[in-house]
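Read through the structure below, which is laid out as structure tokens, and then see the notes.
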């Protein structure tokens, strides 16, 4: 059996690509495959599996940018040590030039972020993106197979990165049906009490970093301001996420008299508690290769007001397209979608519960099984 080498920053259960890599490594190890993980961090439950070989890589100063070339170097070294055994070497994006397979969770060429902060920070972010663009193209063009997390990312792989269309595939992320599921009435009440939400007012949640404008929080803020100007609007907005603009948004909300209508929760180690306590998710993202947080919200039975061009929208049936946002820069349209949700809240909740059952029927193991089949057949 061929060994696998997977190069990724982290193998943990939180985060989009981190959770996906954790799931793939766990599936391989439990299937009896010798699995080498080249990473900064590996979850304890994964490191304890007998077929896992962890090759730790430092992350200097906690910087992804500084750690990136170290991942590449370590990945090439491990791949070379296993060269006589014909290993599968799976790079994540452009992080290892030894990869004969690539897993794409994000395409830097598809979106240029507007980074907040001091000029030095913006300059460093620009230089980091330029390097990521070069690495991404080089690794994708050098690999024999590319697997993306959505049809959107697959198109970007071929159109923007030069991937061979004949060996480019997509596999949507799986789900954790035991963890991300609709709560019972008691679980929902407990989640709301834990967050201090003691009334029955509906809550829309937003999950995403506030360090740039990719997630579209600026559009959501403007839409929410419009909605709150109407005395009949009774919903609150709960914002989960940290980043360079968090305090600025808190000040802006207070200045607009919305401190009690927009709740900034910062980083939350247990996002599920927020999802169980909320009534909908808003995600007017400008670019989202997939959108695991949205899928997890749907699995919890929450309607999602999400950008139509997000990868996760591919998993939303046409019957629920009335909540999709066509233009993530249009606050008026977003406000209209939110009003449509509030006006038929029970109908949208029932539709989300039906979709939840469908999404939860496809697990992380199902994703990993399909991925390994595609990759092994392409490399045979």
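Quick one: in the stretch 51-97, of everything that is at pLDDT below 95 and over 25 Å from the mean Cα position of the chain (by Cα), which residue is surrounded by the fewest Cβ atoms within 10 Å (Cβ to Cβ)? For the stretch 51-97, the residue satisfying everything is 84.
Among residues of the stretch 337-350 that are closer than 19 Å to residue 182 by Cβ, those with a Cβ under 7 angstrom from a residue that is outside any helix (DSSP H, G or I), sequence gap 6+ or separate chain, pair up as 341/280; 341/303; 341/305; 345/202; 345/279; 348/303; 349/301; 349/303. With (1) within 20 Å of residue 304 (Cβ to Cβ); (2) in contact (Cβ under 8 Å) with a residue 60 or more places away in the chain as the list, and residue 212 as the residue in question, which single condition is left unmet? All conditions pass for residue 212, except number (1).
A residue that is within 25 Å of residue 79 (Cβ to Cβ), surrounded by 18 or more Cβ atoms within 10 Å (Cβ to Cβ), at pLDDT 95 or above and within 16 Å of the chain's Cα centre (by Cα) occurs nowhere in the stretch 193-211.
Given the condition under 20 Å from residue 195 (Cα atoms) and surrounded by fewer than 19 Cβ atoms within 10 Å (Cβ to Cβ), answer yes or no: does some residue in the stretch 223-232 qualify? Scanning the stretch 223-232, I find no residue that is under 20 Å from residue 195 (Cα atoms) and surrounded by fewer than 19 Cβ atoms within 10 Å (Cβ to Cβ), so the answer is no. Candidates 351, 297: the one that is modelled with pLDDT of 95 or more, surrounded by fewer than 24 Cβ atoms within 10 Å (Cβ to Cβ) and either on the phi > 0 side of the Ramachandran plot or in contact with a helix residue (DSSP H, G or I) (Cβ under 8 Å, 6 or more places away or on another chain) (or both) is 351.
Taking strands (runs of 3 or more DSSP E) as the structural unit, those lying wholly within the stretch 121-239 and holding at least 3 residues that are more than 16 Å from residue 92 (Cβ to Cβ) correspond to 203-207. Look at residue 86 and say whether it is under 20 Å from residue 377 (Cα atoms) and in contact with a strand residue (DSSP E or B) (Cβ under 7 Å, 6 or more places away or on another chain). No.
The values are calculated or read from the model by the stated rules, or taken from the named source; none is laboratory data. Note that the structure is a prediction, hence the values are computed from the model and not measured. Note that each Cβ is placed from the backbone with ideal geometry, even for glycine, and that neighbours are counted across all protein chains shown.
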